[in-house]
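Working notes, beginning with the structure itself.
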Amino acid sequence: MEKYDDKRPTLLDMAISESAPGAVERLLQRWHWLAEKLTPLVGERGFCALYGRAVKLVLPSFGWLTASQSCTSITSLLETLRGDLASVDGSTAAAGNTALFTTFTKLLTALIGEALTNRLLASENTEQKHVQEHK
């Protein structure tokens, strides 16, 4: 019997690399949704400021995130995040995104209050449930 020690990618490696673009898009869906809901409350500059602060707080643990000096638009901010998430493996991207989103929502809670933040985030679950029911 011959051992297969060649350097061909395994099925797992291929599945991860093939699903990576979709995985990054799934991670970004929450950010797009949150930006859409939150911008009328805090404005684009407020969203950018919260995001920038959240990045600075998680940067020691996730040094691959880009800490931008200024935010010109939420679109450019999320494009930068897309590039950051795509630059690392899937599990690292998911962990960094979770830490960033959690930190962002904690800052948001301090700004607009726990009740409004909970109501805002609860509407995400309701909207996702309705989308899944229509499939």
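Overview of values
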| read-out | value |
| --- | --- |
| Selected residue (only one of Pro21, Pro9 is in contact with a helix residue (DSSP H, G or I) (Cβ under 9 Å, 6 or more places away or on another chain), part of a loop (DSSP other than H, G, I, E, B) and modelled with pLDDT under 80) | Pro9 |
| For Gly52: the one exception among (1) more than 14 Å from the chain's Cα centre (by Cα); (2) without any contact (Cβ under 8 Å) to a residue 24 or more places away in the chain | (1) |
| Phe47, sole failed condition from (1) among the aromatic types (Phe, Trp, Tyr); (2) at pLDDT below 95; (3) outside any helix (DSSP H, G or I) | (3) |
| Residues that are surrounded by 15 or more Cβ atoms within 10 Å (Cβ to Cβ), modelled with pLDDT of 90 or more and part of a loop (DSSP other than H, G, I, E, B), drawn from the range 60-76 | Phe62, Leu65 |
| Among (1) under 23 Å from Pro40 (Cα atoms); (2) of a type in the set (S, T, N, Q); (3) out of contact with any Ser or Thr (no Cβ under 6 Å at 6 or more places or on another chain), the one test that Thr92 misses | (1) |
| Test: residue in the range 98-107 that is over 21 Å from Arg119 (Cα atoms) and either of a type in the set (Gly, Ala, Ser) or at pLDDT below 95 (or both) | no |
| Residues located in the range 77-101, provided they are surrounded by 12 or more Cβ atoms within 10 Å (Cβ to Cβ) and without any contact (Cβ under 8 Å) to a residue 12 or more places away in the chain | Glu79, Thr98 |
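The values are calculated or read from the model by the stated rules, or taken from the named source; none is laboratory data. In this text, all values refer to a predicted model and were calculated from it rather than measured experimentally. Quick reminder, even Gly has a Cβ in these numbers, built from the backbone with ideal geometry, and neighbours come from all protein chains shown.
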